[in-house]
Structures are given as C-alpha cells and as structure tokens.
Amino acid sequence: MRFNNWSKSHSFPLPMRYPRVFVKYSTYTKKPLSLQAVVIIVLTIAIHALFGYYLTRIYLKSAHPNNQPVNDILDISVLWLAPFLSGSGYGAEALSFIQGLHKHITNLTIYHFGDIVEEEYLSSLSEETEKLLKQLWAPNETLPSYFIKRQYEDDQVARKLDTRRRMFPDGTLIREPILRSLHDVVIVQSIPRGWEPYLFETAKYRVGRTVFETDRLPDEWAQHCNNEVDEVWVPTEFNVKTFAGSGVKSHMLHVLPQTVDTNTFSHPSITPRPRPPECLDSDFIFLSVFRWGGRKGTEFLLEAFLREFSPEDSACLVILTATHKMRTNATYYHGLIHQFANDLGITSAIRPRIAVLEPSISNQDMPGLYAMANAFVLVSRGEGWGRPYTEAMMMNVPVIATNWSAHTEFITPETGYLVKVDKLDLFPSDDEEMMNYWGHLLARPSICHLRQVMRFVKENPQDAKRKAINAKQLISTRFNQNAVTNTILNHLKRIKAKLTTENVEHMLATRAKQIIAQGAI
C-alpha cells in the first residue's frame, strides 16, 4: 500500500469529547468551573493524549509487520553481484542490503560487478565495512565462469592464484573451467542491459535488482527483464507502474525499498559541520545534494533561489555536487552558477549567497552536513528512490521536493513540502551521458511555487519542525535495516518455496542453451 494513501486515511487526532462536555455544562449553568472540574479536565486531556500516542505506536507496528527485530536464519545460498567497490548508487544500495542480510541467511557471498573499482571510494570505507566485504567475498568455486575467465586472463591476478595456475610448456595459461557450486539464488544489481545469461550460470533462480526515474524504460530494458531473470526487484510502486507500463510482466515485479542507516543518521554524537565561509552565522541554510545534470533540476533550483532571495534575506544555498565520471572541484561549479546568474540578469551585487562544497566529502561526514542545514531542497525531475531525501529526513531536516515520481511514496504533505509540477515534458537530447532519458517524460517543477515554498519554510520554522518530526518517524519505522532485511527475507522465503527439484531441473535445462549459445562456457 502506498504510504501517501495510508497516511491520509490513518491519522489520530486526539479525542476531546469529555473536556467539551464540562465546558458546555459550565456555560449552561453560568457558574465558574470548580478546582475539581479543572483537575478532571486536565487529567482527561492528558489521558487521551497518552492513549493517542500509544495507539499510534501500536498501529505503526501492526501496519508494518516487517518492522520487527530480525531473528530468522534462512537456509539458502545467495550470490549477490553488484558494484560494491564503485561508490555508485547501485553499489551503496547493495552494501546497505548485505549489511543487514548477512547474519540471517546461511550462505551469502558477494562479488563486484557492473562498474569500475574506485580507489578513492575504497579508501573511505570504515574498517568494519571493509572487513564485511572481505568476509563475504565469493571464492572462485562459487562464481560463474565469466569471472574465472577474466581472472585467468589477467597475469597479475593469476600469479596470486598459485593453487589454480597451470601452464602449458610455452608459458601460456591453461584456461580450464573450474567446478562451480550451484546457488539457490543469484541476484544481479545493475541496469538490465547488463543481465547477460552467463552471469546466472550458477543460479537455480535469477533475480534482477534495478531502478529507473522517468515515465518509462529505455529501449530493450523490458526485454531483458522478461527474458534474462525470473523476477525483478524495484524500490517503489512508482517503479512497478512504469516497468509494467513499458512491457515488463507484472507478476515478475516485486517491491524492495532502500534502507537508511538509522544509526549513522541519528547518532547523538553528530555535530554540525562548520558553515562555509560564504554563509553568515545568521543565515537560514538551504542544503542540496545531487549529481550535476539535467535530471536533478539544477536550473530550477538555482533560478528559484536567485530570484526569490537577496543578500538582505539572511539565506544561503549550500550545494554538494559532482559530475558523472568527471573530476571537478568547487571552483568549476561556482563558475557554472556565476554564468547562469548572469544569463538571468542577476548581478553579483543583488545575488543571494551560494556556497559550493568540494565533492570530496566522505560518507562519514554526511550526517554533520545535514545537521548544519535548516532545510533540504532538491527539485529533481524524476527519482527512482531519492537517498538524500531519506538521509535528511532521518536528521530531522525538513525536505522540499518535486511532487512526482518515486519519492512521493515517503514525502507527503504530512512529512515534507511538495512543489507543484507545471507539466511532464521531454528530456532534452543534448546530453549524451543522459541518452537513456532521451524521449522520456519527466516533471518540470514550478519555479513560482518553489519560490513560495522556500520562503514559507524559512519563515515558518514551527510548521517545518512538525513535518520533520513526522518524516523521521516514518523513515525510521518503514525503512530501517530491520524492516528492509525482513522484506528481503520474505522474498527469499517465497523463492525458496518454488525451488522444487522438478522446477530447478526444468529451469536449468532451458537456461543451458542460452549460456552455451553466448559462448560463456
């Protein structure tokens, strides 16, 4: 059930019937209330308030049975292939999944797939995370032959595999297949174009995990979803709708939301990051975190802020951004913003304060960054999930977002501020890195309404605080590690029930023809 529907139909206003009875009685008799009557009224209000509070907590637990401590140990073998070492969105999401899952299934192994290894990201990992990755790293016997062949073709890697390295007399490597064990489930977390049959060579059952942000899927994605895997896990009902609308078989689609590190983003030791030098101590700080590009609505945010605020408004926009696969620094983005403001005719003399942070901020420093902010704003044109929103919400920071796509399942009028959409329009086709979006519809947020919302949030801190409290309760209840781990376990239990001997033999026989045809063995 979508949360926005749930939240509208299950609110808990405090009952006030009994106090009203006493007041009416007093008015009718024209007598002042006695001390005893006042005490009864106060006690009645307090009891009803307490009752409403506990009723709300009980309902939240009953409405979300997955939000219970995870005690199950499921006897199942899972190989999870994802860009664990890249620092990408897919990689960060996969890491968050296995951090909760690994204690609750008997055999979980992982391996890097789908993106380049980023050394800078690896150096930023905590010792605990690095230890977990090494602990779960798949041995060769459990990997599809595709990965074994790649290792054997790399002499440097082959030298490390002393027990496996055999050579012909002329010194060339013998590339022989290694006996591999069969997994109950192989999960590949990447774009569907990467779901080649050879990746599932050791799988009894195949799962694809993916996401997309527009009103439809790129060409051929639906074909890969229908033909290369047995089911597809997507983060939200928005994805279910767009995938099914693009031709993916509905029965194959299952929702698995992302999880939020509730410990990291609510730890009592978090201290706010020092303000950038561009911001004054008295400034209301709007924070935005995004990858620079057309989909994130950068131009809408900048125009709204530049037109709505002035240097006298005590407001500062702080941006943390980076460009896809391009090494840049804060100076580069300051230049882009300066040019954008000039194009709008907003000179430096009347321009509000904007600070751009260096993109080298580590994951460990993110909680302090959110703690520095008074509000988080990201008017994306479309999201498949929206991790920065959930992190800000966990930090009690009010959020402003576009009223369209996946994040509207947890950002509602009760938990944040939604900016009206002027229309859905075509994504521009002048950005080759974003060619997957060409011809797709995305939201065009209203600059006029965004200006109004930003002004309102700045000038109404009590309303913003109320929504931030609701948001944190929602995120910590529905998307904590226990809740999401339970969802994964329920999916795996359902899959395990399908894995009868007869079903497995049929699936493997059908799949063998595809693998051999591709020359993967």
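Does the range 276-295 include one or more residues that are more than 28 Å from S86 (Cα to Cα), at pLDDT 95 or above and of a type in the set (V, I, T)? Yes, the range 276-295 contains at least one residue that is more than 28 Å from S86 (Cα to Cα), at pLDDT 95 or above and of a type in the set (V, I, T). When I354 is tested against (1) of a type in the set (A, V, I, L, M); (2) farther than 21 Å from E459 by Cβ; (3) buried (at least 22 other Cβ atoms within 10 Å of the Cβ); (4) touching a Leu at 6+ places or on another chain (Cβ under 6 Å), exactly one condition is not met: (2).
Every test in (1) surrounded by 19 or more Cβ atoms within 10 Å (Cβ to Cβ); (2) modelled with pLDDT of 95 or more is passed by T321 save one, and that test is (2). Among the numbered conditions (1) in contact (Cβ under 8 Å) with a residue 40 or more places away in the chain; (2) in contact with a strand residue (DSSP E or B) (Cβ under 8 Å, 6 or more places away or on another chain), the only one that W195 does not meet is (1).
Going through (1) within 24 Å of R494 (Cα to Cα); (2) assigned to a strand (DSSP E or B) one by one, N227 falls short only on (2).
Regarding S288, is this residue in the same structural domain as M393 (by TED's automatic domain parsing), of a type in the set (S, T, N, Q) and either surrounded by 15 or more Cβ atoms within 10 Å (Cβ to Cβ) or touching a strand residue (DSSP E or B) at 6+ places or on another chain (Cβ under 7 Å) (or both)? So S288 passes the test. Here I187 meets the list (1) in a helix (DSSP H, G or I); (2) among the aliphatic types (A, V, I, L, M); (3) surrounded by 22 or more Cβ atoms within 10 Å (Cβ to Cβ) almost entirely, failing just condition (1). Considering only the range 243-279, state which residues are of a type in the set (S, T, Y) and either more than 23 Å from the chain's Cα centre (by Cα) or within 20 Å of W385 (Cβ to Cβ) (or both). Result: S246, T259, T262, T264, S266, S269, T271. Would you call E459 within 23 Å of the chain's Cα centre (by Cα), at negative phi, in the same structural domain as R307 (by TED's automatic domain parsing) and among the acidic types (D, E)? So E459 fails the test. All conditions but one from (1) outside any helix (DSSP H, G or I); (2) at pLDDT 90 or above apply to P69; the one that does not is (2). Here I346 fits the description: within 18 Å of L302 (Cα to Cα), modelled with pLDDT of 95 or more and not in a helix (DSSP H, G or I). Listed by first and then second residue, the pairs linking a residue in the range 263-278 that is at positive phi to a residue that is not acidic (D, E), with Cβ atoms under 7 Å apart and 6 or more places separating them unless they lie on different chains, form an empty list.
The values are calculated or read from the model by the stated rules, or taken from the named source; none is laboratory data. Please read these numbers as outputs of a predicted model, since none were measured by experiment. Positions of Cβ are generated from backbone atoms using ideal geometry, with glycine treated the same way; all protein chains shown enter the neighbour counts.
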